Amino acid sequence: MTRLGLLLIGALLAFVGVEAISTSSVHAASTRVLGLHVDGEKLTPKDRADLFAVLQAKLRLYPDIELKNPPAGELTDEMIDLECIDLDAQCLSRLGKKYEADKVVHVEVAAGARQVMRVRFVDVASGKISRDK
């Protein structure tokens with residue numbers, strides 16, 4: 001968990017920092033960000049919750065970000081309601097519109113021989129992924 005937490009912190013600082021700086025220089029208003037719960041088949045519920053807490057805490061560090069509350073239920077239920085087939089940029093954009101966000105952050109941890117974390121930032125207005133690492 002500690003290694004995952006550190007990896008998440010590093011990824012968020014690299015991505016959110018660039019997003020926050022570029023957004024703050026263009027807009028005086030805050031950017032509304034929907035940080036979704038962390039996904040990962042091999043993660044325990046506690047690890048998911050801990051990583052989500054780290055994600056939310058890091059996003060709160062940026063004064064130009066207004067953090068939106070994530071969906072309370074399962075993400076798959078949201079996908080069905082929004083008629084999403086896959087959790088792609090279009091689906092994440094629909095989620096962002098539903099929750100009145102400008103950007104959506106989705107983190108997925110894939111476990112195999114080693115753990116790989118995928119962090120995606122979606123611009124809701126354009127429906128495109130602005131960062132995917």
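The values are calculated or read from the model by the stated rules, or taken from the named source; none is laboratory data. The model shown is predicted, which means the values in this text are computed figures rather than measured ones. Cβ coordinates were reconstructed from backbone atoms using ideal geometry, including for glycine residues, and neighbour counts include every protein chain displayed. Protein only, heavy atoms only, side chains kept; ligands, DNA and RNA dropped before computing areas. Shrake-Rupley method; radii C 1.70, N 1.55, O 1.52, S 1.80 Å.
Rundown of residues vs (1) at pLDDT 50 or above; (2) open to solvent by less than 40 Å² (accessible area, probe 1.4 Å), yes/no style:
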{"site": "L8", "(1), (2)": "yes, yes"}
{"site": "L13", "(1), (2)": "no, no"}
{"site": "G17", "(1), (2)": "no, yes"}
{"site": "I21", "(1), (2)": "no, no"}
{"site": "L34", "(1), (2)": "yes, yes"}
{"site": "P45", "(1), (2)": "yes, no"}
{"site": "L51", "(1), (2)": "yes, yes"}
{"site": "Q56", "(1), (2)": "yes, yes"}
{"site": "D64", "(1), (2)": "yes, no"}
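Within segment 116-124, one or more residues are within 11 Å of G35 (Cβ to Cβ), buried (at least 18 other Cβ atoms within 10 Å of the Cβ), in contact with an Asp or Glu (Cβ under 7 Å, 6 or more places away or on another chain) and hydrophobic (A, V, I, L, M, F, W, C).
One residue alone among L55, L87, L67 is within 16 Å of G35 (Cβ to Cβ), assigned to a strand (DSSP E or B), touching a strand residue (DSSP E or B) at 6+ places or on another chain (Cβ under 9 Å) and not basic (K, R), and that residue is L67.
Within segment 54-71, if we keep just the residues that are more than 12 Å from the chain's Cα centre (by Cα) and of a type in the set (A, V, I, L, M), the residue that is farthest from K98 (Cα to Cα) turns out to be L61. Taking each residue of segment 94-116 that is at pLDDT below 85 and looking for partners that are part of a strand (DSSP E or B) and not aromatic (F, W, Y) with beta-carbon atoms closer than 7 Å, six or more apart or interchain, yields Q115/V109.
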